[in-house]
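No value in this document is a laboratory result; all are computed from the given coordinates. Here the structure is a predicted model, which is why all the values come from computation and not from measurement. Neighbour counts are summed over all protein chains in view; Cβ atoms, including those assigned to glycine, are modelled from backbone coordinates with ideal geometry.
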Amino acid sequence: MKDRAVPLLSHAFLVVWALLTTLPLVWAVLSSFKSDNEILTDPWSLPSRLRWENWARAWGEAHIGRYFLNSAIVVTGALAVTMLFGAMAAYVLARYRFRGGRIVYFAFVGGMMFPVFLALVPLFFVVRDLGLLGTLPGLTLVYAAYSLPFTVFFLTAFFRTLPSSVAEAAMVDGCGHFRLFFRVMLPMARPGLISVGIFNFLFQWNQYVLPIVLMQGEDAERKWVLAQGLTALAVNEGYRGDFSGLFAGMTIAMLPVLAAYLIFHRQFQSGLAAGQLR
């Protein structure tokens, strides 16, 4: 009985957890197709019809389309910088021995424990002095900088588990260090790269504090990212009562995250499992 009770309890807990996670998302998506009257009078019912005009209104009138594009530009650039330099740094720290290597590694680990709130004031002045305040490139570099510590920490452990025999065979065949990394080791680390890439994508896509501090200045509203735009939409529509437009904007913001997980969920799970087994 005890052997059966533990799996049953664990499965029951997972089912409850899945419902608590999934039902709010489903409710938000369904509410994006309702009218304001349906949302207020019968919030748990299905929409009487699919009102795509809610999405069009949120995309155009509430400028969610512009904020979505800004977020896509910033996150794409930040992910590219983070994954490239993070993978290169992690590979060197994992596969090569040199003086001060452990100091560099623990410096990255220490960066994970440094709260973003403590750095907001000096970060503001640094970005301003560089002439990047209120610009998308400035926000991209800051996103990448804050994502690097976790990326290096995660990938260093992953690169250490890759077989050395493959790298030695490639070197014997005349492969240089540059080609060894990009042609051999990087493809072998694909599960780990996808796993940490999804984590970084979630962190950067949902970031709110950094844009609030750094996206200031003339015409800053046109450069807002999606989190700022949704916050402004929630405040403005709260007074107007356009709740259907608000739910449509929230659903639009969730779509890239859901799409990324649906596309890469197998690689994501295999990367985490590989890291645990190794």
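Run the numbers for Met171 and Leu118: contour at 0.36 nm per residue of separation, minus the present Cα-Cα distance, in nm.
14.6 nm
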Which is farthest toward the positive dipole end of the chain among Asn54, Pro256, Ala12, measuring Cα position about the Cα centre, with Cβ charges +1 (Lys, Arg) and -1 (Asp, Glu)? Ala12
Helix-only estimate, please: 222 nm mean residue ellipticity of the chain, summing -39500 (n - 2.57) across DSSP H runs of length 4 or more and dividing by its residues, to the nearest 500. -25000 deg cm²/dmol
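Apply 1/(1 + (r/R0)^6) to the Cβ-Cβ distance of Ala28 and Val126, taking R0 = 30 Å, and write down the FRET efficiency to the nearest 0.05. Could you put the intermediate results ahead of the total?
Details: r = 37 Å, r/R0 = 1.25.
Computed FRET efficiency for Ala28 and Val126: 0.20.
Sequence gap at least 6, Cα distance under 8 Å: using those rules, report the relative contact order of region 51-277 to the nearest whole percent. Write down the numbers at each step before the final one.
On the way: 208 pairs, mean separation 76.0, N = 227.
Relative contact order of region 51-277: 33 percent.
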Identify the trypsin sites (Lys or Arg not before Pro) of region 64-159 meeting these criteria: DSSP loop state and at most 16 other C-beta atoms within 10 Å of the C-beta. Arg97, Arg99
Which of the chymotrypsin sites (Phe, Trp or Tyr not before Pro) across region 79-176 are loop residues per DSSP, with 10 or fewer other Cβ within 10 Å? Tyr96, Phe98
If you add up the charges near Val172, with Lys and Arg at +1 and Asp and Glu at -1, over every other residue whose beta carbon is less than 15 angstrom from its beta carbon, what do you get? 0
Among [x] 153; [y] 195; [z] 186, which one is volume of the Cα convex hull per residue in Å³ computed from these coordinates? [y]
Charge dipole of region 51-277 built from unit charges on the beta carbon (Lys, Arg +1; Asp, Glu -1), centred at mean Cα; most positive-end Cα among Leu148, Val209, Leu226 is Leu148
Cα convex hull volume per residue for region 179-242 (Å³): 144 Å³
What is the gain in length, in nm to one decimal, between Asp42 and Leu262 on full extension, counting 0.36 nm per residue of separation less the C-alpha to C-alpha distance? 76.1 nm
Can you tell me the dipole magnitude for region 51-277 around its Cα centre, using point charges on the Cβ only (Lys, Arg +1; Asp, Glu -1), in Debye to the nearest 20? 740 debye
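Grab the beta carbon distance between Ala107 and Leu9, set R0 = 45 Å, and tell me the FRET efficiency rounded to 0.05. Before the final figure, lay out the partial values.
Working: r = 43 Å, r/R0 = 0.95.
E between Ala107 and Leu9, to the nearest 0.05, is 0.55.
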